[in-house]
Structures are given as structure tokens and as C-alpha cells.
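First the structure, in the form of C-alpha cells, and then the observations on it.
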Amino acid sequence: MLRKLSIVAFAAALVAAPLPVLAQSKKDSVVMAMALEPPGLDPTNAAAAAIAEVTLYNIYETLTKINEDGSVSPLLAESWTASPDLKTYTFKLRKGVKFQNGEPFDSAAVKFSFERNAAPTSTNKDKSLYQAFEKVEAPDADTIVITVKYSEPNLPFLLGQAGGSIVEPKSAPTNITQPVGTGPYQLGAWAKGSSITLTKWADYRNASAIKLSKVTIRFISDPAAQVAALLSGDVDAFPRVAAARALAQFKADPRFTVLVGGSRAKTIVAINHRKKPLDDVRVRRAILAAIDRKAMIDGAVEGFGTPIGSFYVPGALGYVDTTGVNPYDPEKAKKLLAEAGVTTPLELSLKLPPPSYARQGGEIAAAQLAKVGIIAKIENVEWAQWLSQVFAGNGPHNFDLTIISHVEPFDLVKITEADYYLGYNNEAFNALYKQIVSTPEEAARAKLLGDAQRMLATDAVSAYLYQPQLITITAKKLKGVWKDVPQYENDFSTWHWE
């Protein structure tokens, strides 16, 4: 409560002060902010969504582009066709495109990028997708033919995600710090711990359509500081800002536009099945029964979320409501722990990455778990630590519980990966997923997707919490900023001052 009052009071004091002039005089530049600093600038190298927020469609481009409404349009590919069984896709590539180091973009670069993503040493977040490519052929410089081992109706969408960024072969080893792409922006400067500056690339194929010559991206993790930066005019735009507690003030202030949009994200309490007694489904069900989704939504994201019961969200094909499979029931949680032979108090680690939804949600979850005899020992870690200790495919998976929001759509495939951080590894689910991807007919696929959701809920694979609604606040005269977020990105090619 004190934290809430302090944020609101601070915001109120700033509103009461003389209104500063927002950074709208800089008609060809923008200062944007985001909560997390990316660990690198190669979106094909790591899973952090912050990488895509800086680089996707700005520095790097993909064959296809995912639009605000979730539709897919051409980008580096001018067009594509699919075989009737949806296993073979032929992409005709855009001609006359070059990389920022002067090298030509062609089918050889696409083939290199996709085969690199599938390599045994790859750390691409979508590695399993590229390993499912039976072959990638380049019959000529302007054509790529992808043959997938199974039917994949979503391939054009999936190739528009950050992991599908096309990289220039010679520059690929150094893209983490010296990114080279085909997009409208280049890296201008990176002040570690503070900001990244992108500058317009003069040789971009459609440079005249790009209105911003410079974008400065500041990193501000503290929610109170995020609010202050907007109110003071230091920041022109803050996509996915943690400003729910001050939202009414922003809505009432004529200097700002407030956008509340949907997402395909899934915020969960992830459970490490590799650790005892968490390999016992009764213990996992007890954890789920101890956690009140509504309290988590109200406390961690100020009510901006929709409850979910599996690794799937409303609006996606075949969605079914599974929130009733593991309802909030503390007494049931105690009984399940007793049935599993667990002696309480049971001590578990709860590793929390930096986002406010995780840190605030962790406090709430720990308090709820304590009421049933589970002591969740909170350990706050930085983003790089979380990625290496918790999430990395090669381990060490050093956690019992963690809170994280998975932002990619169509990522049920992750659950089937043997080295995935959850350690679920259920052959029945894997077989069901293979059946899903082998079913091109939409109604039949939707039914199977419902079966998959029910299996994940019944097996209590994770404590599925909510689908977040995301808040973006911008200066009133800044246009082209997305409200809805089918994936985490900031497409600066559409941003402009009115």
C-alpha cells in the first residue's frame, strides 16, 4: 500500500507542477523507453523479448511482417505460395535489397540464416521450428523453397518473428554488439545500462518513407521512474509501461495518448519438473490451488489481465477455458500436499526477473503459498542471470519456481522440447502435438488444440495466471505507435510526428 501511495503521490506532484514542453519540437527524432535492456542485439541468438523490441523491423528484417492486427504481409519476400498439404512454401524474394555493410541480400543469405538457426549449437528461441525444416533450397538468387516435416499453416507468421531475422553471413558472428541487417535503422550508439540510439540508414531501399532520423531508447525499470519520465517530458513514448496506478492521470492529461491493447502473452508461475517433489503432479496441483489468479492480476498488473488455465490465450484458434481445472482452493492444496507425503513447511526457491509484474507478483504468490505450508524463498535476479540460470536450454535450470510472461504466439511447440526449462517431457503431449501439426484442416486442428490445453491444465505443467493487457503511453502528437501487440516489437518505420 505504501508503494502504491508513493507512486500516485509522486505522479500527482508532478502533474501539479508547471507543465514542461514535451519533446515534440524534435520532429524527426523520438525518445522511447522500455523496462529492460537487451542482453545483445542479435534476435536470432537469444530469447529475450527486449532484443526484438529494439531490432525487429528496425535493424533486421524478416521474409514476412506481422502487423498490428496479427495479419501477415510481405517484407523481404515479395510473395509466397504453399503446397496443398502446407508442407512446402515457395518465397519470391525482393530484388535490389542490400545489407547495411553493402553485401547483397539474396536466397543464399536466407538459406544461411535458416540453417544457422537449426544448427546444433544454435541458441535461437525458435530453434525447433528451423530443425523441423526438411530442407531449405535456393534454386536461384530470388527464390527460397522451404519443405517442412509436417503441415504448418502458420509458417508465414512464424517467419515474421524475431528469430526469423535474415542476417548477413560475414557479419553474423558479431551481430550481438555490431548488428547488420537490411532494415531502415542502424545502431548509432549503445551506452550500456542507459540507452541505445538508432539512426536512419540513408541507403535503405525506401528511405524517403522513414520519418524519424533518430530514435533514442532509454532503459527505465522502476515503475515510479517510468511514470516520472513520461510526465516530465523526458520520454515521448513508453510501450508496455508499468503505469496502471497512474493511468487515470495520463488519461486526463491532454498531452498524452493512452493505448490499452491486447496481447498473445501468457504470464505463468513456471515449475521445474526436474526438481523433487515438483515432479509429482499432486504437488504441482497444490501450488496451483494455493494461488489466486484474481489476486495476482489485481496486485501484479492492477487488474490488466484475463485469467488463463493453460499455455494458451483467448482469441487463439481452438481456445478453451481451462481455468476451472485448477481453481483457487487453499484447503485442497493442503490435502494434496499431504497425499503426496510432503512434510510442511516445504521450502522452494522463487527466482524473479526484473519486470514489475514478476517482482510484484512474486510477493503475492509467496504470501499465498505460505498459507498452505510452502515457503517460497524469493531471489531477485537480473535479466542475464535469469536467462542463463533458469531459461537456457543447456541448463543449469537452477530454480524451483519463477514468474515470467511468455510473449510469443504459437509457442505450444516449446513444451515438446526435451531441453525446455520446464522439464515436462510428456510423450503423450508430444504425440498430441505431432497430431496437431499434421492436421491441416482448421476445425479438426482446433479440436486437438483444445485437447492439448486440457492436458496441460490437468498435468499442472505450470501455474497459468493471466493474459496481460498492455499499456502504451505516448505524446499526443506522436502517431503510428501500435496499440495491440501480436508480438513484442516497436516498428519505428510507422512512427511520425503529427
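Looking only at the range 104-119, decide whether some residue is surrounded by fewer than 16 Cβ atoms within 10 Å (Cβ to Cβ), in contact with a Lys or Arg (Cβ under 8 Å, 6 or more places away or on another chain) and without any contact (Cβ under 8 Å) to a residue 60 or more places away in the chain. Reasoning before the result, please.
Just the residues of the range 104-119 that are surrounded by fewer than 16 Cβ atoms within 10 Å (Cβ to Cβ), to begin with: 104, 108, 115, 119.
Then drop every residue that is not in contact with a Lys or Arg (Cβ under 8 Å, 6 or more places away or on another chain), which leaves 104.
Subset that is without any contact (Cβ under 8 Å) to a residue 60 or more places away in the chain: 104.
Yes.
Report, by residue number, each residue of the range 483-498 that is touching a Gly at 6+ places or on another chain (Cβ under 7 Å) and modelled with pLDDT of 90 or more.
The answer is 483, 494, 495, 496.
When residue 176 is tested against (1) in contact with a strand residue (DSSP E or B) (Cβ under 6 Å, 6 or more places away or on another chain); (2) open to solvent by 10 Å² or more (accessible area, probe 1.4 Å); (3) aliphatic (A, V, I, L, M), exactly one condition is not met: (1).
Among residues of the range 250-271 being open to solvent by 20 Å² or more (accessible area, probe 1.4 Å) and β-branched (Val, Ile, Thr), the one that is nearest to residue 323 (Cα to Cα) is 260. Would it be correct to say that residue 236 is touching a residue at least 12 places away in the same chain (Cβ under 8 Å) and crowded, with 22+ Cβ neighbours inside 10 Å? The answer is yes for residue 236.
The range 50-121 holds strands (runs of 3 or more DSSP E) entirely within its bounds, and those carrying 3 or more residues that are over 23 Å from residue 187 (Cβ atoms) map to 72-74, 77-82, 88-93. Of the residues making up the range 272-296, those that are open to solvent by 10 Å² or more (accessible area, probe 1.4 Å) and either under 21 Å from the mean Cα position of the chain (by Cα) or at positive phi (or both) number 1. Listed by first and then second residue, the pairs with beta-carbon distance under 8 Å, at least 6 apart or on different chains, first residue in the range 433-450 and under 16 Å from residue 86 (Cα atoms), second open to solvent by less than 30 Å² (accessible area, probe 1.4 Å) and charged (D, E, K, R), are 436/445; 437/152; 439/445.
Among the residues of the range 189-222, those that are under 27 Å from residue 77 (Cα atoms), surrounded by fewer than 19 Cβ atoms within 10 Å (Cβ to Cβ) and either of a type in the set (Asp, Glu) or in contact (Cβ under 8 Å) with a residue 12 or more places away in the chain (or both) comprise 199, 201, 203, 205, 206, 207, 209, 211, 213, 214.
In the range 331-359, the residues that are more than 30 Å from residue 383 (Cα to Cα) and touching a residue at least 12 places away in the same chain (Cβ under 8 Å) form Cβ pairs under 6 Å with partners that are basic (Lys, Arg) and surrounded by 16 or more Cβ atoms within 10 Å (Cβ to Cβ), at six or more places apart or across chains, as follows: 336/282; 336/285; 339/282; 340/282.
If you check 433, 421, 464 for being within 25 Å of residue 275 (Cβ to Cβ) and part of a strand (DSSP E or B), only one passes: 464.
Could you say whether any residue in the range 124-138 is assigned to a loop (DSSP other than H, G, I, E, B), over 14 Å from residue 44 (Cα atoms) and modelled with pLDDT under 95?
Yes, the range 124-138 contains at least one residue that is assigned to a loop (DSSP other than H, G, I, E, B), over 14 Å from residue 44 (Cα atoms) and modelled with pLDDT under 95.
The residues listed here are 171, 151; of these, the one that is of a type in the set (S, T, N, Q), in contact with a helix residue (DSSP H, G or I) (Cβ under 7 Å, 6 or more places away or on another chain) and more than 14 Å from residue 57 (Cα to Cα) is 151. Taken over the range 274-322, the criterion of being of a type in the set (Phe, Trp, Tyr) and closer than 17 Å to residue 362 by Cα is satisfied by 304 alone.
Residues in the range 350-392 that are among the aliphatic types (A, V, I, L, M), within 18 Å of the chain's Cα centre (by Cα) and open to solvent by less than 10 Å² (accessible area, probe 1.4 Å): 3 in all.
The sole residue among 344, 402, 323 that is in a loop (DSSP other than H, G, I, E, B), polar (S, T, N, Q) and surrounded by 16 or more Cβ atoms within 10 Å (Cβ to Cβ) is 323. Is it fair to say residue 41 is modelled with pLDDT under 95, of a type in the set (A, V, I, L, M, F, W, C) and touching a helix residue (DSSP H, G or I) at 6+ places or on another chain (Cβ under 8 Å)? Taking the combined requirement at face value, the residue does not satisfy it. If I filter the range 450-470 down to residues being touching a helix residue (DSSP H, G or I) at 6+ places or on another chain (Cβ under 6 Å) and aliphatic (A, V, I, L, M), which single residue comes out as most open to solvent (accessible area, probe 1.4 Å)? Ranking the qualifying residues of the range 450-470, first place goes to 455.
The values are calculated or read from the model by the stated rules, or taken from the named source; none is laboratory data. Everything quoted here is computed from the prediction, not taken from an experiment. As a convention, Cβ positions derive from the backbone with ideal geometry for all residues, glycine included, and neighbour counts pool all protein chains shown. Side chains included, ligands, DNA and RNA excluded: accessible areas come from the protein's heavy atoms. Shrake-Rupley method; radii C 1.70, N 1.55, O 1.52, S 1.80 Å.
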